[in-house]
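Accompanying notes for the structure given below.
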Amino acid sequence: MDPVNPPSQPSPRMTHRQRQALATQKLIVDTARALFIDQGYAATTIEAISAQAGVAVSTVYAAFGNKRAILRAIREAWHQESDQRNIYQEARQQADPQRRIALAAHATRRQWETGATMIAIYRGAAAVDPEAAAELAEALRGRKISQYHFISEMADRLRQGLSEAEAAALFHALTLPEIYEDLVGDAGWTPDQYETWLAGVLCQQLLGEVV
C-alpha cells in the first residue's frame, strides 16, 4: 500500500437527480458549442443557449454562471475526447525515447484532430472578450511549460549539442495546430500521415535519429 497515493475508493452510485443534472449540463455544453460555431461567441447569449437547449435561463446560470464557464466546459470536454492527457502520461513512462516521441506525436494528432471546433471557438472568443483572451493565453503558457517538462525529462537522450531550451522550442514549433491545419486541412494529408511525419521529424530533430 502506498501511503502517499492510497488506492482510490469506489465512487458512490449517482442518484437519479445527479444523472439528470449531468445530462442537462452536457446538453447545454453541446448546444453552446454549436451556437458558438454557427453564430459566433459574441453573438451567442445565455438566453439563446437556453432557448436552443430547451431549458430555463436560470438553469443555465445555475449550472455555469456565465459564457466563459461554458467555454471552459467545452475545452474540458475536448480534453476528454482527445485523451491527450492519458497519452502523454503513458509517454512519460516510456524508457525508449523513440517510443516516447511516437506517443507524443499521437497525443498531438489527437489534440488537433478533435480540436478544430475548439480552436475556432477560442479564437473567436478571445477576439471579443479580454477575459477569454487571458484564459487562452494562460492555457498556451501552460502548454509550453508542460512541453518543457516533457523535454527536460529526456534531456540525457537529446542529440549532441542540443540544449533543453532549444529542444523545447523545436518541440513547441513542430506541434503547433497551424501545421496540422496546413498539412491535413489544406494539403490533404490524412491524420495518420501527419502523425507518422511528426514522429519522424521529432526523432530526427530532438534525438538525431531517423525513424
When both residues are 6+ apart or on different chains and their Cβ atoms are under 6 Å apart, which pairs have a first residue that lies in region 154-167 and is more than 12 Å from residue 209 (Cβ to Cβ), and a second that is among the hydrophobic types (A, V, I, L, M, F, W, C) and assigned to a helix (DSSP H, G or I)?
164/151; 164/155; 167/151; 167/206
Would you check if there is a residue in region 73-81 being among the polar types (S, T, N, Q), within 17 Å of the chain's Cα centre (by Cα), crowded, with 20+ Cβ neighbours inside 10 Å and part of a helix (DSSP H, G or I)?
no
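Check whether at least one residue in region 174-182 is crowded, with 20+ Cβ neighbours inside 10 Å, among the polar types (S, T, N, Q) and assigned to a helix (DSSP H, G or I), and report yes or no.
No, the conditions are met nowhere in region 174-182.
Can you go through 71, 22 and tell me which one is of a type in the set (A, V, I, L, M, F, W, C), within 19 Å of residue 114 (Cα to Cα) and at pLDDT below 95?
71
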Just to be sure, is residue 139 of a type in the set (A, V, I, L, M), assigned to a helix (DSSP H, G or I), more than 22 Å from residue 205 (Cα to Cα) and within 11 Å of the chain's Cα centre (by Cα)?
yes
Residues to consider are 165, 125; find the one that is in contact with a helix residue (DSSP H, G or I) (Cβ under 6 Å, 6 or more places away or on another chain), farther than 21 Å from residue 86 by Cβ and not basic (Lys, Arg).
125
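Take the conditions among the hydroxyl-bearing types (Ser, Thr, Tyr), open to solvent by 50 Å² or more (accessible area, probe 1.4 Å) and within 30 Å of residue 35 (Cβ to Cβ) and apply them to residue 117. Does it pass?
yes
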Could you grab the pairs with beta carbons closer than 8 Å, sequence gap of 6+ or different chains, first residue in region 12-35 and farther than 17 Å from residue 72 by Cα, second one among the hydrophobic types (A, V, I, L, M, F, W, C)?
14/22; 21/63
Output the residue which, of all residues in region 55-72 that are in a helix (DSSP H, G or I), free of Cβ contacts under 8 Å to residues at least 40 places away in the same chain and of a type in the set (Gly, Ala, Ser), is farthest from residue 24 (Cα to Cα).
69
State whether the residues of region 44-62 include one that is open to solvent by less than 80 Å² (accessible area, probe 1.4 Å), under 21 Å from the mean Cα position of the chain (by Cα) and either more than 17 Å from residue 132 (Cα to Cα) or basic (Lys, Arg) (or both).
no
If you scan region 22-43, which residues turn out to be over 21 Å from the mean Cα position of the chain (by Cα), surrounded by fewer than 16 Cβ atoms within 10 Å (Cβ to Cβ) and either in a helix (DSSP H, G or I) or of a type in the set (D, E, K, R) (or both)?
22, 23, 38, 39
Hits in region 153-201 - residues which are more than 20 Å from the chain's Cα centre (by Cα) and of a type in the set (A, V, I, L, M)
154, 155, 158, 162, 165, 167, 187, 201
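The values are calculated or read from the model by the stated rules, or taken from the named source; none is laboratory data. For clarity, every value in this text was computed on a predicted model and none was experimentally measured. So basically every Cβ, Gly included, is an ideal-geometry build from the backbone, and we count neighbours across all protein chains shown. Each accessible area value is taken on the protein alone, full model and side chains, heavy atoms only, with ligands, DNA and RNA left out. Shrake-Rupley method; radii C 1.70, N 1.55, O 1.52, S 1.80 Å.
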